[in-house]
Amino acid sequence: MLKNQTLTGPRQTSAKVILILALLVFGLTNVAARPLPPPEADRPAAPDQTLSPYFVVLGEDTEKDTLPLKSTRADVKIAGVVAEVTVTQVYRNQGKKTLEAIYVFPGSTRAAVHAMRMTIGERVVAAEIMERHKARQTYEDAKSQGKTTSLLEQQRPNVFQMNVANILPGDEVKVELKYLELLAARDQVYEFVYPTVVGPRYSNQAAAGAPDTEKWVENPYLHQGQAPPYTFGLKVDLNTGVPIAKLSSPSHAVGVRYSGPRAAVITLKDETTGGNKDFVLRYSLAGNQIDTGLLLYPGREENFFLLMLEPPKEVAAKAAVPREYIFIVDVSGSMHGFPLDTAKALMRDIISRLKPQDFMNVLLFESGAAVLSESGSLPASQANKEEALAFIQARPGGGGTEILPAFKRALALPRTPNTSRIVVVATDGYVHVEPQLFELIRQNLGAANLFPFGIGTSVNRHLIEGMARAGMGEPFVVLGPGEAAQQAERFRRYIANPVLTQIQVAFPGFSAYEVEPAKVPDLFSLRPITLLGKYRGSPGGDIVVSGKTAQGDFRQTVKVGEGQASPANSPLRLLWARQRIRQLVDAGRLEKGDATAKEVTQLGLKYSLMTPYTSFVAVDKIKRGDGQVVTVKQPLPLPAGVSDLAVGGGGPRGMAWKAKAGPGAGSYQSHYLAAREAFDAGSSGGGGRGLPPPSPMPLSPSGPPAAKVSPTLQVVQVQGQLDPADIKKALEERLAQLTSCGQAARDRGVKLPPEIIFHLALDAAGRVTGPPRLKTPLQDDALGKCLVQALQGLRFPNPGKQAALVTVKLVF
């Protein structure tokens, strides 16, 4: 839902003018289910109705508009299977008033955050871990006393909020936090992910009376395509016990410096960009080896162990089991454009390859939901598969993200007898109801397995991974259309035959206790079996893991001995506690029981870990201000590929406009016209700012789909030393965005030319320099701008260290 925050601006216009404008643009039949609110001059200054994100609109008050976050960076050390990460945030006050900065940022879903410190000038203040409410009170007291103070709170396992108060004019305050993360290979490939931005969360929860853990959802965002106002740096020191075979980042341009066959340093090539998508590093070891074995840590009060056991090899299934597939696809506003194009490519790949003996059904959801077949799943015939794909393809993306009602409806669909049910979900996960959804899945999934696909460059991995755990499945993340086929193939391989089922663990002669997880789920991928736990006394005895494979029984025994113990294994203490906390939160947060909250709190305090109930707070002892501060919420960039509809509430379906109430908030009409103008400047597929075409297709299972565009790319001419095949491969990474540009134009009633020719000038590094030049005259300016924006920033491989000129044809 769209809100705009402005720090200066007049109030103007009347409700009649707004209503007329809305009706002219959208048509009487497209007015939202919720009525348009009156302009701010005609309504009282009241609190916002829901916890929804909003666009920041900065005025001309330099005392307030100077954004405090100067830079954020991550320094990562990966040794074996443990990553140690130091996150450094630098806040600088360039204005004239004392500031309080509030910054919402993401973290790894597996992060064990165990330390924080604050630096003001030459003074370094170590943070203390406290119960959440005590830490907040300590922070508020220090803020009112004029002391520089910082507070780190966990809003979700992968969402944190930093508050820094009493940043004086001219101050530079540095806050560092440290966390540990356990890495495990999947399909013999290790992946380290560092999230950089929290995507906007859809919420229909009332702001009035909302708990503190939910208020972060109401956060300001920049418009689509606007770069972060701060720099993002990252460095990874990688040390492995086996020579590195392959190393790459599918998300960012990186520099790699090897200091030997087992060590490398990875850095970003450009720290001014890239802060709007997850950093992903993938590497594999020589001989397809993975790091497995037993580690022991003999502590002063407690002893800990980590077992990573190599799984059995995959084998082909002997007989195909009839499957019933339920596809749940998010078509809300945040999925509009690039993410939805990716989801459609994924669904096309999976559905088109279903076997004739399979059954299927499709549910699409945003503010409402539509089902392909209400009476039950359809046989996977060619005609039915084509109907399902057309049903999905017809949706442009818009509306809110009402995921709970959609799941209730999908899980209640009639079951097909004598089949194994597989539930497949495609979403970016931009919702704030994770605990409720996990509980819904656990209570209603039955004997089915659920496989969630996170779609996009900065998905909510907490939701994706949590759904997989609750649904006893496997999580997938598809960064873009280029990965859709690869991830679809992984999915087909996993469900064809689980690697290991009915897993049991025994500890003869080894006094193990409080082992996590208590029950090992079926293995659907080639990843190690991972156990964290405690043990009593001297190490000895065995750990025995058994289970079932497609070839028969599996049994593997690991001997326990003193030689596996080392003080260097001290991270096991924190990694065990983090795993224990995650299991407790997953299973008990909905109940809000005192026992669960108390145990999580005790674990956080004992092991100095961030939890939902424990926070870090640092307070400088020197009083530096008078306690009068201006609070500034640091606006976040929209994740790469996400359109303004993620904040705009989804356009015409279920549209609900909200403007920030209060003095100086600006007029409703000015906000509306600004958003409309932003959309007219370019379609959402190519970087425009969000309002959808005037006449979208309603979310309904009936009605013929609009004509769809399906362009192809042809390389016409190359002046330079580039291979045309490399050019086409690079261009096809943007084909989904170019298709969205054409589709948006057609939806607006624009007649597309048969082909569009454009020239791309490349520098010696293969980067597109300047805006691409369109050779074909276009009647629609928005289409031209959209195509140009879709191609900006493109980079081609192997340019031969020479500039080049490429002529390309887009054929509709």
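The values are calculated or read from the model by the stated rules, or taken from the named source; none is laboratory data. Here the structure is a predicted model, which means the values were calculated and not measured. Note: ideal-geometry Cβ built from the backbone for every residue, glycine included; neighbour counts use all protein chains shown. The area values use the complete protein model at the heavy-atom level, side chains included, leaving out ligands, DNA and RNA. Shrake-Rupley method; radii C 1.70, N 1.55, O 1.52, S 1.80 Å.
Do we find that L531 is over 24 Å from the mean Cα position of the chain (by Cα), part of a strand (DSSP E or B) and either crowded, with 19+ Cβ neighbours inside 10 Å or hydrophobic (A, V, I, L, M, F, W, C) (or both) in this structure? Please lay out each step first, then the result.
Values: over 24 Å from the mean Cα position of the chain (by Cα): yes; part of a strand (DSSP E or B): yes; either crowded, with 19+ Cβ neighbours inside 10 Å or hydrophobic (A, V, I, L, M, F, W, C) (or both): yes.
Yes; evaluated as a whole, the condition is true for this residue.
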> Looking at segment 730-768, which of its residues are under 21 Å from A345 (Cβ atoms), among the basic types (K, R) and more than 26 Å from the chain's Cα centre (by Cα)?
Replying inline: R746
> Assuming M472 fulfils every condition listed in (1) open to solvent by less than 40 Å² (accessible area, probe 1.4 Å); (2) not in a helix (DSSP H, G or I) apart from one, which condition is it?
Replying inline: (1)
>> Take the residues in segment 192-212 that are crowded, with 16+ Cβ neighbours inside 10 Å and part of a strand (DSSP E or B); name whichever of them is modelled with the lowest pLDDT.
In response: Y202
>> Restricting to segment 88-104, name every residue that is open to solvent by 10 Å² or more (accessible area, probe 1.4 Å) and closer than 25 Å to G199 by Cβ.
In response: T88, V90, I102
> Say we look at segment 339-366 and pick out the residues that are closer than 12 Å to V424 by Cβ and assigned to a helix (DSSP H, G or I); which of these is most open to solvent (accessible area, probe 1.4 Å)?
Replying inline: D349
> Checking K143 against (1) part of a strand (DSSP E or B); (2) over 14 Å from P106 (Cβ atoms), which single condition isn't satisfied?
Replying inline: (1)
>> Given the criteria crowded, with 16+ Cβ neighbours inside 10 Å and either farther than 30 Å from G473 by Cβ or in contact (Cβ under 8 Å) with a residue 40 or more places away in the chain (or both), does Y283 qualify?
In response: yes
> When residues of segment 496-507 are filtered for being open to solvent by 10 Å² or more (accessible area, probe 1.4 Å) and either over 25 Å from Q583 (Cα atoms) or part of a loop (DSSP other than H, G, I, E, B) (or both), how many remain?
Replying inline: 4
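Could you identify the single residue in N239, N276, N303, N288 that is within 19 Å of the chain's Cα centre (by Cα) and either farther than 30 Å from L411 by Cα or open to solvent by 30 Å² or more (accessible area, probe 1.4 Å) (or both)? Step through it out loud before you land on a result.
Details: N239 fails: within 19 Å of the chain's Cα centre (by Cα); N303 fails: within 19 Å of the chain's Cα centre (by Cα); N288 fails: within 19 Å of the chain's Cα centre (by Cα).
Result: N276 is the single residue among N239, N276, N303, N288 that is within 19 Å of the chain's Cα centre (by Cα) and either farther than 30 Å from L411 by Cα or open to solvent by 30 Å² or more (accessible area, probe 1.4 Å) (or both).
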> (1) within 28 Å of G454 (Cβ to Cβ); (2) in a strand (DSSP E or B): which one isn't true of I290, the others all being true?
Replying inline: (2)
> So I266 clears everything in (1) within 20 Å of Q188 (Cα to Cα); (2) modelled with pLDDT of 95 or more; (3) buried (at least 18 other Cβ atoms within 10 Å of the Cβ) except one condition, right? Which one?
Replying inline: (1)
> Checking E386 against (1) in a helix (DSSP H, G or I); (2) touching a residue at least 12 places away in the same chain (Cβ under 8 Å), which test does it fail?
Replying inline: (2)
> T457 versus (1) of a type in the set (S, T, Y); (2) in a loop (DSSP other than H, G, I, E, B); (3) touching a strand residue (DSSP E or B) at 6+ places or on another chain (Cβ under 8 Å): which is the lone unmet condition?
Replying inline: (3)
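Across segment 103-119, what is the total count of residues that are within 16 Å of K147 (Cα to Cα) and out of contact with any Leu (no Cβ under 9 Å at 6 or more places or on another chain)?
Step one: filter segment 103-119 for residues within 16 Å of K147 (Cα to Cα), giving 117-119.
Add one more test, that the residue is out of contact with any Leu (no Cβ under 9 Å at 6 or more places or on another chain), and what stays is 118-119.
Result for segment 103-119: 2.
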> Here are some conditions: (1) open to solvent by less than 40 Å² (accessible area, probe 1.4 Å); (2) of a type in the set (D, E, K, R); (3) under 30 Å from L281 (Cα atoms); (4) more than 23 Å from the chain's Cα centre (by Cα). R132 meets all but one. Which one does it not meet?
Replying inline: (3)
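For K708, are the conditions met, namely being at pLDDT below 80 and in a loop (DSSP other than H, G, I, E, B)?
Details: at pLDDT below 80: yes; in a loop (DSSP other than H, G, I, E, B): yes.
Taking the combined requirement at face value, the residue satisfies it.
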> Hey, among Q789, Q721, which residue is touching a residue at least 12 places away in the same chain (Cβ under 8 Å), under 23 Å from E483 (Cβ atoms) and not small (G, A, S)?
Replying inline: Q789
> Would you say V173 is under 19 Å from the mean Cα position of the chain (by Cα) and under 30 Å from V125 (Cβ atoms)?
Replying inline: no
>> Under 6 Å between Cβ atoms, which residue pairs at least 6 apart in sequence (or on different chains) link something in segment 620-637 that is surrounded by 13 or more Cβ atoms within 10 Å (Cβ to Cβ) with a partner that is modelled with pLDDT under 90?
In response: V630/K64; P635/V56; P637/P228
>> Kindly evaluate F365 against the criterion of being farther than 28 Å from L479 by Cβ and in contact with an Asp or Glu (Cβ under 7 Å, 6 or more places away or on another chain).
In response: no
>> Considering only segment 464-477, I want to know if a residue exists there that is in contact (Cβ under 8 Å) with a residue 60 or more places away in the chain, out of contact with any Ser or Thr (no Cβ under 9 Å at 6 or more places or on another chain) and under 22 Å from V647 (Cβ atoms).
In response: no
>> Among the residues of segment 554-577, are any open to solvent by 30 Å² or more (accessible area, probe 1.4 Å), among the polar types (S, T, N, Q) and within 26 Å of G471 (Cβ to Cβ)?
In response: no
>> Would you confirm whether or not segment 776-783 contains a residue that is open to solvent by less than 40 Å² (accessible area, probe 1.4 Å), acidic (D, E) and modelled with pLDDT under 80?
In response: yes
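Pick from S615, S538, S546, S525: which is of a type in the set (S, T, Y), in contact with a strand residue (DSSP E or B) (Cβ under 7 Å, 6 or more places away or on another chain) and assigned to a loop (DSSP other than H, G, I, E, B)? So that I can check it myself, show each step before the final result.
Working: S615 fails: assigned to a loop (DSSP other than H, G, I, E, B); S538 fails: in contact with a strand residue (DSSP E or B) (Cβ under 7 Å, 6 or more places away or on another chain); S546 fails: assigned to a loop (DSSP other than H, G, I, E, B).
So the residue among S615, S538, S546, S525 that is of a type in the set (S, T, Y), in contact with a strand residue (DSSP E or B) (Cβ under 7 Å, 6 or more places away or on another chain) and assigned to a loop (DSSP other than H, G, I, E, B) is S525.
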> Would you pick out the residues in segment 379-407 that are open to solvent by less than 40 Å² (accessible area, probe 1.4 Å) and farther than 26 Å from L437 by Cα?
Replying inline: A380, N384, K385, A394
>> Just to be sure I understand the filter: pairs with C-beta atoms under 7 Å, separated by 6 or more residues or on different chains, first member in segment 763-777 and in a loop (DSSP other than H, G, I, E, B), second member among the aromatic types (F, W, Y) and open to solvent by less than 50 Å² (accessible area, probe 1.4 Å). Which pairs pass?
In response: G766/F796; P772/F758; K775/F758
>> Criterion first (within 22 Å of F491 (Cα to Cα), among the aliphatic types (A, V, I, L, M) and in a strand (DSSP E or B)) does V321 satisfy it?
In response: no
>> For Q737, only one of the following conditions fails: (1) open to solvent by less than 30 Å² (accessible area, probe 1.4 Å); (2) outside any loop (DSSP other than H, G, I, E, B). What is its number?
In response: (1)
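Does any residue of segment 452-461 turn out to be of a type outside the set (K, R), in contact with a Lys or Arg (Cβ under 6 Å, 6 or more places away or on another chain), open to solvent by 10 Å² or more (accessible area, probe 1.4 Å) and at pLDDT 90 or above?
Going through segment 452-461, the residues of a type outside the set (K, R) turn out to be 452-460.
Going one step further and asking which of them are in contact with a Lys or Arg (Cβ under 6 Å, 6 or more places away or on another chain), we end up with 457-458.
Remaining after also requiring open to solvent by 10 Å² or more (accessible area, probe 1.4 Å): 457.
Keeping just the survivors that are at pLDDT 90 or above gives 457.
Looking for residues that are of a type outside the set (K, R), in contact with a Lys or Arg (Cβ under 6 Å, 6 or more places away or on another chain), open to solvent by 10 Å² or more (accessible area, probe 1.4 Å) and at pLDDT 90 or above, one finds at least one in segment 452-461, hence yes.
Evaluate the following for R493: is it in a loop (DSSP other than H, G, I, E, B) and surrounded by 15 or more Cβ atoms within 10 Å (Cβ to Cβ)?
Details: in a loop (DSSP other than H, G, I, E, B): no; surrounded by 15 or more Cβ atoms within 10 Å (Cβ to Cβ): yes.
When the stated conditions are applied, R493 does not pass them.
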